[in-house]
2 protein chains.
Amino acid sequence: MAKNESNSDSQGTISRRDMLKTAGVGGIGVLIGASGLGGLMSITESKASSTGAKEVVSYYGKHQAGITTKTQNNVYFIALDVTTSKKEDLVKLFKEWTLAAALMSEGKPVGELSSNEFLPPKDTGEAAGLSASNLTITFGVGPSLFVKDNQDRFGLKQKQPKELADLPKFPLDALEEEWSGGDLCIQACADDLQVAFHAVRNLIRIARGKAILKWAQPGFQRTKHADAKEGTPRNLFGFKDGTVNPDVKNENQVNEQVWVQPGDGPNWLAGGSYLVVRRIQMFIEVWDRTNLKEQEATFGRYRDSGAALGQKDEFEKLDLKHKHANGSYSIPGDSHTRLSHGNGSEQILRRAFSYSNGMDPKTGSFDAGLLFLCFQRTPSKQFIPIQKRLSEMDKLNEYTSHRGSAMFACLPGTKQGGFIGETLFN
Amino acid sequence: MAKNESNSDSQGTISRRDMLKTAGVGGIGVLIGASGLGGLMSITESKASSTGAKEVVSYYGKHQAGITTKTQNNVYFIALDVTTSKKEDLVKLFKEWTLAAALMSEGKPVGELSSNEFLPPKDTGEAAGLSASNLTITFGVGPSLFVKDNQDRFGLKQKQPKELADLPKFPLDALEEEWSGGDLCIQACADDLQVAFHAVRNLIRIARGKAILKWAQPGFQRTKHADAKEGTPRNLFGFKDGTVNPDVKNENQVNEQVWVQPGDGPNWLAGGSYLVVRRIQMFIEVWDRTNLKEQEATFGRYRDSGAALGQKDEFEKLDLKHKHANGSYSIPGDSHTRLSHGNGSEQILRRAFSYSNGMDPKTGSFDAGLLFLCFQRTPSKQFIPIQKRLSEMDKLNEYTSHRGSAMFACLPGTKQGGFIGETLFN
């Protein structure tokens with residue numbers, strides 16, 4: 001297993017700029033949040049994250065893990081609604097969640113397994129002995145945490161970023177309340193579904209009396225090939241999905257596209273990222289009756305190679321002007337690739353998973369599709385304009401239906417002793 | 001990954017008795033089914049199954065793979081109803097399924113990936129390039145394939161084994177039609193869920209016009225520990241599940257407990273096995289509020305070690321007479337372990353997986369539990385008496401509810417050139 005790869009790249013390395021900043025406010029080991037930027041980390045964490053325990057992604061760092069981390073095989077995504085009305089409960093919750101998430105990320109239970117027989121065990125136990133399986137746990141806050149029914153629920157209203165708002169309604173949206181929204185979210189990813197489920201289950205349990213489950217969706221994907229090489233994962237239409245993604249190892253690119261920067265909005269979110277979730281049902285039986293030419297015209301790419309139509313290689317720069325002999329564009333105007341690309345100015349970090357929940361009793365078909373998760377610095381300049389184009393013209397819409405939608409601000413990371421959410425709540 | 005371990009043990013090895021039989025009917029390479037026993041295999045298959053391609057479990061053999069095979073991390077289980085009324089369609093279906101299953105078990109697509117752009121691709125494509133991930137595909141036939149609404153649907157009525165009947169109604173059963181029954185079943189297991197789903201999806205697609213999905217349930221489990229040792233998997237109550245299982249490497253034991261033997265009933269099933277499926281909902285939130293002492297008394301075992309109460313080691317012989325100082329039994333009379341064990345005469349081969357389908361919108365809790373799959377030679381002497389005891393007294397019933405149930409006869413294996421079901425349909 002690739003261990004802690006992109007996470008240590010993006011989190012375990014202290015950039016020269018960070019070092020200067022750190023030195024500027026008093027040397028090594030400064031508390032996150034002290035500067036209001038949440039963007040500093042101590043040398044201690046940096047060392048901890050490079051010790052390299054097997055299949056362990058380090059939890060603490062400038063950014064939360066699970067965003068630029070190499071995508072794991074499984075996700076268990078949950079959205080929650082907050083039931084307490086007290087801000088101190090929320091703070092307590094995030095403090096407990098941080099400790100539990102850090103333990104589980106190391107493959108440890110959230111408390112001693114069987115210490116006191118007169119109490120319920122602290123950890124639910126099903127992951128005992130298992131590898132951490134590259135578990136990452138990523139927390140986010142939704143717009144409704146700030147204001148709901150016109151109520152400033154926790155005195156956080158003035159801290160709500162303009163970008164953290166419900167997405168506009170797109171043409172053809174068929175959203176269902178049972179797959180949409182949430183005051184909070186947790187994305188647990190691991191190479192083993194039992195480990196990912198164990199994580200969300202124990203976090204929900206810790207939240208008892210403070211937050212409840214709103215919706216939940218497991219998912220799967222696969223980047224590692226039989227030859228042990230990594231490749232772009234394929235979605236349930238059999239096409240490569242995620243070819244044009246920012247390079248998570250390029251710090252400039254992720255700062256440009258993924259991480260919220262100081263000055264972008266309220267400082268508490270600097271080092272965080274906006275997550276857009278879309279639960280996209282895929283009509284796989286209809287797709288499977290469609291001929292290959294039509295399928296490839298729909299995506300604008302060849303199925304086997306992933307290359308754009310008229311081109312050779314998956315990662316070649318898109319040649320949108322390439323034409324057939326008859327003068328029509330090789331990559332059709334209504335194809336997913338052309339519309340996603342637009343003028344090339346918008347990029348999002350896609351981290352999508354397929355889902356298949358068994359049979360849909362209403363149709364007798366598989367209830368299957370894509371749990372589309374994407375991270376970005378500025379939704380209004382990234383996901384929203386892309387999705388606006390896609391929702392209006394994308395030929396793929398004939399085979400898909402957006403049934404769920406949510407937006408969350410994924411908080412910046414923290415260091416040992418701190419807690420996720422400290423920059424927001426303090 | 002352990003490759004083809006128990007499968008090659010139980011399938012790739014020719015017993016002395018088989019060798020004698022084979023010799024008796026004309027030497028090496030005799031067709032399965034020629035003797036009516038389905039119990040012979042050729043030296044060729046034996047060699048093929050020991051070539052040891054990585055993460056490949058050989059498909060062909062005396063028995064179907066996926067029964068005594070080491071349990072993989074994931075299952076995608078589907079039940080189907082037959083829609084055709086013609087026996088020749090069924091035969092055609094099983095022939096096509098056999099070829100497709102054999103290809104997928106080697107990590108290959110079910111047809112050339114992108115050969116003709118004017119036709120839908122033969123393979124749905126999402127597993128292209130992925131490892132076979134120890135995929136096994138196991139086919140079974142349900143009682144309703146033989147007789148439904150008093151109709152002898154395919155002229156097979158006289159071939160229906162007495163043992164292949166709907167299970168009796170047990171006390172506390174809360175079965176739902178949407179999780180029960182089926183004319184046919186397919187159990188696809190793999191260490192990767194994408195590979196398992198790809199398999200059932202392509203098999204369903206091949207069945208178009210002949211059979212439809214009735215219900216479907218994915219699941220997961222984990223036997224491999226962080227230290228790379230294999231251990232008994234834990235269920236979602238955090239307890240080890242499957243400690244007392246027949247030794248799949250002991251040929252006598254699996255012949256005694258798992259494989260239908262010549263003379264047990266109609267000869268077409270010799271070399272096959274009966275599969276009982278129970279979809280058992282687990283009330284994990286209730287369980288998680290129960291103290292450890294009560295949890296351990298409910299199972300009759302310690303959570304951490306898996307040892308029976310009053311004993312030290314998970315695999316120690318059960319001491320059902322062990323008593324507390326106060327004279328009460330250490331393993332309570334209503335505990336799952338004592339009731340499952342009974343007088344020790346019944347054993348089943350458990351191959352269970354946990355499931356978690358997201359949130360149950362009716363309760364707001366996780367829809368989670370156990371997809372209990374067990375294989376056996378004679379249900380009336382194995383699962384049924386065990387479940388009768390459990391359903392009447394098991395303390396675990398306070399925390400679980402049986403929501404789905406089905407019984408299938410898993411067909412004997414076949415050799416290259418033959419097809420699964422040949423002994424039944426020919």
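Looking at segment B:207-231, which of the residues that are over 23 Å from B:Met407 (Cβ atoms), modelled with pLDDT of 95 or more and not small (Gly, Ala, Ser) is surrounded by the most Cβ atoms within 10 Å (Cβ to Cβ)?
B:Phe220
Of the residues that sit in segment A:132-155 and are out of contact with any Gly (no Cβ under 6 Å at 6 or more places or on another chain) and polar (S, T, N, Q), which one is surrounded by the most Cβ atoms within 10 Å (Cβ to Cβ)?
Only one residue fits best here, namely A:Asn134.
Name every residue in segment A:321-377 that is among the aliphatic types (A, V, I, L, M) and at pLDDT below 95, in order of residue number.
A:Ala325
Which condition breaks for B:Phe118 when tested against (1) at pLDDT 95 or above; (2) exposed (fewer than 15 other Cβ atoms within 10 Å of the Cβ)?
Of the numbered conditions (1) at pLDDT 95 or above; (2) exposed (fewer than 15 other Cβ atoms within 10 Å of the Cβ), the odd one out for B:Phe118 is (1).
Is there a residue being free of Cβ contacts under 8 Å to residues at least 12 places away in the same chain, more than 10 Å from chain A (Cβ to nearest Cβ) and surrounded by fewer than 23 Cβ atoms within 10 Å (Cβ to Cβ) anywhere in segment B:260-275?
yes
Could you list, in sequence order, all residues of segment A:296-339 that are under 12 Å from A:Thr243 (Cβ atoms), surrounded by 16 or more Cβ atoms within 10 Å (Cβ to Cβ) and within 14 Å of another protein chain (Cβ to nearest Cβ)?
A:Phe299, A:Arg301, A:Tyr302, A:Gly306, A:Ala307, A:Glu314
Would you mind telling me which numbered condition in (1) touching a residue at least 12 places away in the same chain (Cβ under 8 Å); (2) within 14 Å of chain B (Cβ to nearest Cβ) A:Gly358 fails?
Going through the list (1) touching a residue at least 12 places away in the same chain (Cβ under 8 Å); (2) within 14 Å of chain B (Cβ to nearest Cβ), A:Gly358 breaks only (1).
Could you check how many residues of segment A:361-387 are touching a residue at least 24 places away in the same chain (Cβ under 8 Å), under 18 Å from B:Arg201 (Cα atoms) and outside any strand (DSSP E or B)?
So the answer is 1.
Name the pairs whose Cβ atoms lie under 7 Å apart, with the first residue in segment A:202-231 and within 30 Å of A:Leu93 (Cβ to Cβ) and more than 8 Å from every other protein chain (Cβ to nearest Cβ), the second part of a loop (DSSP other than H, G, I, E, B) and of a type in the set (A, V, I, L, M), and 6 or more positions between them or separate chains?
A:Asn202/A:Val110
Picking from A:Gly413, A:Gly417, A:Gly404, which residue would you name as being more than 19 Å from A:Gly242 (Cβ to Cβ) and in contact with a strand residue (DSSP E or B) (Cβ under 6 Å, 6 or more places away or on another chain)?
So the residue among A:Gly413, A:Gly417, A:Gly404 that is more than 19 Å from A:Gly242 (Cβ to Cβ) and in contact with a strand residue (DSSP E or B) (Cβ under 6 Å, 6 or more places away or on another chain) is A:Gly404.
I'd like to verify a number: residues in segment A:224-235 that are out of contact with any Gly (no Cβ under 7 Å at 6 or more places or on another chain) and in a loop (DSSP other than H, G, I, E, B), how many?
Residues flagged as out of contact with any Gly (no Cβ under 7 Å at 6 or more places or on another chain) and in a loop (DSSP other than H, G, I, E, B) within segment A:224-235 amount to 4.
Report, by residue number, each residue of segment A:182-214 that is over 17 Å from the mean Cα position of the chain (by Cα) and polar (S, T, N, Q).
Hits for segment A:182-214 are A:Gln194, A:Asn202.
Does B:Gly238 fit the bill of being assigned to a loop (DSSP other than H, G, I, E, B) and out of contact with any Asp or Glu (no Cβ under 6 Å at 6 or more places or on another chain)?
No: the conditions fail for B:Gly238.
Take segment A:184-206 and flag every residue that is surrounded by 24 or more Cβ atoms within 10 Å (Cβ to Cβ) and not in a helix (DSSP H, G or I).
Once the filter is applied, which keeps residues that are surrounded by 24 or more Cβ atoms within 10 Å (Cβ to Cβ) and not in a helix (DSSP H, G or I), segment A:184-206 yields A:Leu184, A:Cys185, A:Ile186, A:Gln187, A:Ala188, A:Cys189, A:Ala190, A:Asp192.
Among the listed residues A:Gln158, A:Gln187, identify the single one that is closer than 19 Å to A:Trp215 by Cα and assigned by TED's automatic domain parsing to the domain that holds A:Gly421.
Step by step, each of A:Gln158, A:Gln187 is checked, and only A:Gln187 is closer than 19 Å to A:Trp215 by Cα and assigned by TED's automatic domain parsing to the domain that holds A:Gly421.
If you take just the helices (runs of 4 or more DSSP H) that sit entirely in segment B:248-319, which of them hold at least 3 residues that are within 25 Å of the chain's Cα centre (by Cα)?
Those helices (runs of 4 or more DSSP H) span B:251-257.
For residues in segment B:96-129 being assigned to a loop (DSSP other than H, G, I, E, B) and of a type in the set (Val, Ile, Thr), which is nearest to the other protein chains (Cβ to nearest Cβ)?
B:Thr124
Condition check: modelled with pLDDT under 95 and surrounded by 16 or more Cβ atoms within 10 Å (Cβ to Cβ). Does B:Asp241 satisfy that?
yes
In the list A:Phe170, A:Phe239, which residue meets the criterion of being within 12 Å of chain B (Cβ to nearest Cβ) and over 30 Å from B:Thr223 (Cβ atoms)?
Residue meeting the stated conditions: A:Phe239.
Taking B:Gly125 as the residue in question, decide whether it is of a type outside the set (A, V, I, L, M, F, W, C) and touching a Cys at 6+ places or on another chain (Cβ under 9 Å).
No, not satisfied.
Please state which of the following conditions B:Gly265 fails to meet, knowing it meets all the rest: (1) farther than 30 Å from B:Phe146 by Cβ; (2) at pLDDT below 95.
Of (1) farther than 30 Å from B:Phe146 by Cβ; (2) at pLDDT below 95, only one is false for B:Gly265: (1).
Consider B:Asp247 carefully, then state whether it is within 22 Å of B:Leu371 (Cα to Cα), touching a Pro at 6+ places or on another chain (Cβ under 9 Å) and free of Cβ contacts under 8 Å to residues at least 24 places away in the same chain.
It is false that B:Asp247 is within 22 Å of B:Leu371 (Cα to Cα), touching a Pro at 6+ places or on another chain (Cβ under 9 Å) and free of Cβ contacts under 8 Å to residues at least 24 places away in the same chain.
The values are calculated or read from the model by the stated rules, or taken from the named source; none is laboratory data. Just so it is clear, the model here is predicted, and its values are computed rather than measured. When we count neighbours, we look across all protein chains shown, and the Cβ atoms used for this are built from the backbone with ideal geometry, even at glycine.
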